[in-house]
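Everything below concerns the one structure shown next.
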Amino acid sequence: MTTTTTTRTGLALSDVVLTFGDGDTQVNALDHVDLTVTPGEIVAVVGPSGAGKSSLLAVAGGLTTPTSGSVVVGGADLTSMSKAALARYRRDHVGFVFQSGNLVPALTAIDQLRLVEKITGRRAATPPQKLLESVGMAEHAKRRPGRLSGGERQRVGIARALVASPSVLLVDEPTAALDRRRSHEIVELLARQTHEFGVATVMVTHDHDVLEHCDRVLEMVDGRLRAV
Ligand SMILES: Nc1ncnc2c1ncn2[C@@H]1O[C@H](COP(=O)(O)OP(=O)(O)OP(=O)(O)O)[C@@H](O)[C@H]1O
Ligand SMILES: [Mg+2]
C-alpha cells in the first residue's frame, strides 16, 4: 500500500438534467441544475420529498449518469467516463454518508475504516485511529455497530467516508434517526471535518434546525435548485 495525496478541486455541476421515464410519465428529477462547491465548503440542500435531492447526490457521486450536462471533479468530467472509470472515481474521490451510517455489522469501528484501506489498496493519509479520534470515537474503536448508539454509528460512518481522502463528501439525511442534540453534534462535526480536510460537501436534509452549521443553504423544488 502507498500513501497518496489528492489535489482537491471541489465539485461543479453545469446545466445538469436527469430525466426518468418517457412520454406522459416523464419526470425531470434534475431540471437544469448548476452547482459549484469549493474545497472546504459544506452546502446544505433542503426541499420537499421527490424534489430531486437524492438524485443530485447520485449524479454528483457518479452513481447515476445525467441525461445531459456536465459533472466535473478534479478536472475530469464524470459524464464522459466509462463504467470502470466511474467506479474508480467513486472509490478514490467520493465519500458517501447515509441516514443510518451503513456500517458492516460484523466489523469493529476501526476495522470499518481499515476495510476501506484494503479495498482501495492505499493507506489513509490520516490513520484510522486518528480519524476515529477526530470524530470522538477513539475509545469505542473496538466496538461493533450493534453496541453503538445511532449518533456513534453516524460518527464512525463519517470517519469511514474520510479514509480515502475524498474530494467530495455526499451526505443524505444524516440526522434522520437522531434526536435534536445528536443532530446538532453530527452536523457540527461534518462541518468541522469539511473545513479541516478541505472536502467539498453536499448534505441533503429535512432538518432545518441544523442548517446554521452549514456554509450555504440551497433549496430544491421540482428538480430546480435555488438559493434560500
Ligand atoms: N429510478 C427512478 N426511476 C424513476 N423515477 C425516479 C427514480 N428515482 C427517482 N425518481 C423520481 O425522481 C424524482 C426525484 O426523486 P429523489 O429521490 O431525487 O427525491 P428526493 O428529493 O430525494 O426525495 P426524498 O426527500 O423523499 O428522499 C421523484 O419524482 C422520483 O419519483
Ligand atoms: Mg431522497
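Only the coordinates and a few stated rules stand behind these numbers; no lab work does. Quick caveat: nothing in here was measured; it's all calculated off a predicted structure. Counting neighbours? That spans all protein chains shown, and the Cβs are built from the backbone with ideal geometry, glycine included.
Things worth noting here:
- Loop-located trypsin sites (Lys or Arg not before Pro) in the stretch 121-193 whose Cβ has at most 14 other Cβ within 10 Å (DSSP): Lys142
- Normalised by the number of residues in the stretch 1-137, the mean separation of alpha-carbon contacts (under 8 Å, six or more apart) gives a relative contact order of 26 percent.
- Kirkwood hydrodynamic radius (C-alpha pairs) into Stokes-Einstein, the stretch 138-188, 10 °C and 1.306 mPa s, D in µm²/s: 134 µm²/s
- With helices as the sole contributors, the chain gives -9500 deg cm²/dmol at 222 nm; each DSSP H run of n ≥ 4 counts as -39500 (n - 2.57), and the sum is divided by every residue.
- Ordering Met203, Leu132, Leu63 by the projection of their Cα atoms onto the charge dipole of the stretch 11-227, which places +1 on the Cβ of Lys and Arg and -1 on the Cβ of Asp and Glu, puts Leu132 at the extreme positive end.
- Ordering of 64-73, 39-48 by burial proxy (mean other Cβ atoms within 10 Å per residue, highest first): 39-48, 64-73
- Kirkwood Rh, Cα atoms: Rg over Rh of the chain: 0.96
- With 0.36 nm allotted per residue and the present C-alpha distance subtracted, the Ser68-Ala84 stretch has 3.8 nm of extension available.
- Close amide H contacts of Val97 (hydrogens built in the peptide plane, cut-off under 5 Å, sequence separation of 5 or more or a different chain): Leu170, Val171, Asp172.
- Going from the fewest other Cβ atoms within 10 Å to the most, the residues Leu190, Leu78 appear in the order Leu78, Leu190.
- Listed by Cβ neighbour count within 10 Å, with the fewest neighbours leading, Phe197, Phe20 appear as Phe20, Phe197.
- Relative contact order (%) - the stretch 11-227, alpha-carbon pairs under 8 angstrom, separation at least six: 32 percent
- The phi-based Karplus calculation (6.51 cos²θ - 1.76 cosθ + 1.60; θ = phi - 60°) puts the 3J(HN,Hα) values of the stretch 123-128 at 6, 5, 4, 9, x, x Hz, whole numbers, x for Gly and Pro.
- Within the chain: Cβ-based charge dipole about Cα centre, in debye rounded to nearest 20 (Lys, Arg +1; Asp, Glu -1): 1200 debye
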